[in-house]
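Student: Here it is: the structure, laid out below.
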Amino acid sequence: MNAEFHFKLQQFYYREARMLDERRYQDWTALLSEQVQYLMPSRYVAQRDSALRGQQAFLDEQCELQSQNSDCLPLRDENWLILKLRADRACHQHSWADNPPARTRRHISNIEWLESCDGQHQILSNFLLYFSRYERDNTLYSGQRRDILQESGDGFVIVRREVRLDWNCITGPTVGFFF
């Protein structure tokens, strides 16, 4: 991967984060392929016996990270239509759940290209999402995104996104964000 491609990739992610922070959800859906798969798997936290810690820890970690083989239901498993409906509903004047709108700020970092095949690129990135609403406590969400991007025109579209939160258990007010 050359420096020009990496810069283009960074600009795509930074522009996407700005769109979401500015609540321009309809614009954001234009960055999605109509075949998009948007996943947020449940995370598995294994109970470890101290006698097996050394041997079993590696196996547990591998199992926990293999979301496709998880017996748990995902927190989110959405397609383009569902994402589009959510984006449209959030911008509707009668969307009482977002009135007044929450304040968010997304920080995208550690953008790493893994491989390319037929114009599709596997990309890893980390995120930190700051969430503030009313007079409640502020919440930080952190995690990793595993994306498949496809080249489209002079940019990219998101074909697949898997959001992996760093939390062991969900304690925040919602996981209904577009990460």
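The values are calculated or read from the model by the stated rules, or taken from the named source; none is laboratory data. Nothing here was measured: the structure is a model prediction, and the numbers come from that model. All Cβ positions, even for glycine, are placed from backbone atoms using ideal geometry, and neighbour counts span all protein chains on display. Just so you know, the surface numbers come from the protein's heavy atoms only, side chains and all, with ligands and any DNA or RNA stripped out. Shrake-Rupley method; radii C 1.70, N 1.55, O 1.52, S 1.80 Å.
Student: Test D154 against the criterion of being open to solvent by less than 50 Å² (accessible area, probe 1.4 Å) and closer than 27 Å to S33 by Cβ, and give yes or no.
Tutor: Taking the combined requirement at face value, the residue does not satisfy it.
Student: Tell me whether the stretch 86-106 contains one or more residues that are at positive phi and over 14 Å from the mean Cα position of the chain (by Cα).
Tutor: There is no residue in the stretch 86-106 that is at positive phi and over 14 Å from the mean Cα position of the chain (by Cα).
Student: Something else now. Quick one: which helices (runs of 4 or more DSSP H) sit completely within the stretch 24-115 and have at least 1 residues that are modelled with pLDDT of 60 or more?
Tutor: Qualifying helices (runs of 4 or more DSSP H): 25-29, 80-90.
Student: Turning to a different aspect of this structure: Got a number for residues in the stretch 141-177 being outside any loop (DSSP other than H, G, I, E, B) and under 20 Å from P41 (Cβ atoms)? If you could, list the steps in order and put the result at the bottom.
Tutor: Taking the stretch 141-177 first, the residues outside any loop (DSSP other than H, G, I, E, B) are 141-152, 155-165.
If we keep only those that are under 20 Å from P41 (Cβ atoms) too, we end up with 141-149, 158-165.
The qualifying residues number 17.
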